[in-house]
Amino acid sequence: MNEMSYGKSVYKADKLLKVSLAFSEGVIRKVQICGDFFLYPEESITGLEESLAGTALQAGAIEEKTAGFFEQNTAYGFDAKSLAEAIMLARQNSEAQQQ
Amino acid sequence: MNQIRLLQTGYNGAAFNMGLDEAVMQAAKPGLPVLRLYGWKPPAVSIGYFQSMRDEVDVDACGKSGVDVVRRVTGGGAVFHDAELTYSFITREYPQNVKESYELVCGAVIAGLAELGVQSSFVPLNDIVSGGKKISGNAQTRKNGVLLQHGTILLEVDVDRMFSLLKVPSEKMRDKLVANVKERVTGIHKVFEETSVAVQHGFSSTMQASLAPDEPSAEELAMAESLAKTKYSADSWNFLR
């Protein structure tokens, strides 16, 4: 397995998303989603984060993976699209740091 | 007439305040909503459930200033609790639609503030504004069929002190952020007691219920103290994210 890379992003959706990302070989290994958003039930955030592990690090794949989550839970301040963009920004920031 | 159980629990530390909110929520009875009014001594910074304590709060600065830090069970942003009246409204009967439930509870606060001559309005999802500036931030959770909405009614705002306790992306940004918040947030310039009375009236009229003054039960107090110790003072909770 290639070396793990790490990235962080601060992304302004309707609320602020702060993403910490670990990835390798173009795949999400671990992600933490913080911010001042609302999500009901709150504890569902853990399932959302865990569900992203193993997902291809591509906006479309992330959106597709999380679409069901946003249908089943009530989120205010972010959605599948903004989450995907925040995660991709974390990757971009990681690569910019390495250069 | 319907009744609202009224708890005026005075000033307490952050861990106890959050512990008592949770204890009252767990003890909530059908048909008897609870309005709790309280303050914070020492002052405190609370963060939203989804925020990172390390990212948002200068914990060392808080410690040196004698300011408590705590994670809430509710989402939303970091709040510096100092010159404010805080309310909690806890009920088993509430609109399932999240925006509608915020609007209902914030409407009670707005009605109370009008009694003080403060004209304000609800801005979805969770703010109350007056004269174009935020005077109240609110947050809610729903657990086991119970709604808890708590919110701050800002009496005075010390933005400089607030930012001395919060992390900023960079020192270069600090002045800009302080100026921005000073533009957007203000206090109502009233004192705690008169605001408390007005808010009580606002809840009574909006919910069409009489207020039944009460004290937290021995069980609620014991649970609040236990939660304060084991959860809201614990790094495992406060530094969860």
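For the protein assembly as shown, adding -39500 (n - 2.57) for each run of n ≥ 4 DSSP H residues and dividing by the number of residues yields -12000 deg cm²/dmol at 222 nm.
With an 8 Å cut-off on Cα pairs and a minimum separation of 6 or more residues, tell me the relative contact order of chain B in percent. Show your work: numbers first, answer last.
Working: 487 pairs, mean separation 72.1, N = 241.
Relative contact order for chain B comes out at 30 percent.
Taking a virtual spin label 7 Å from the Cα of residue A:58 along the C-beta vector, which residues in the stretch A:1-43 bring their backbone nitrogen under 13 Å of it? Under 13 Å, as judged by backbone N against the label point of residue A:58, lie A:26-28 of the stretch A:1-43.
With a 10 Å Cβ neighbour count serving as the proxy for reagent exposure, in which order, fewest first, do B:201, B:189 appear? Mind showing how you got there, number by number?
Values: B:201 16, B:189 13.
Ascending number of Cβ neighbours within 10 Å: B:189, B:201.
On a per residue basis, the convex hull of the C-alpha atoms belonging to the protein assembly as shown measures out at 135 Å³. Sequence-ordered 3J(HN,Hα) estimates for the stretch B:104-119 from the Karplus curve with 6.51, -1.76 and 1.60 and θ = phi - 60° stand at 4, 6, 5, x, 5, 5, 4, 4, x, 5, 4, 4, 8, x, 9, 8 Hz, glycine and proline given as x. Take the Cα of residue B:93, step 7 Å toward its Cβ, do the same at residue B:230, and the gap between the two points is 3.3 nm. Annotation for the stretch B:4-72 versus the stretch B:87-125: alpha-carbon center distance of 19 Å.
Shape class of chain B from the alpha-carbon gyration tensor: oblate, with a/c at 1.5 or above and b/c at least as large as a/b.
No value in this document is a laboratory result; all are computed from the given coordinates. What you see is a predicted model, and the numbers here were worked out from it, not measured in a lab. Glycine also receives a Cβ, built like all others from the backbone with ideal geometry; neighbour counts cover every protein chain displayed.
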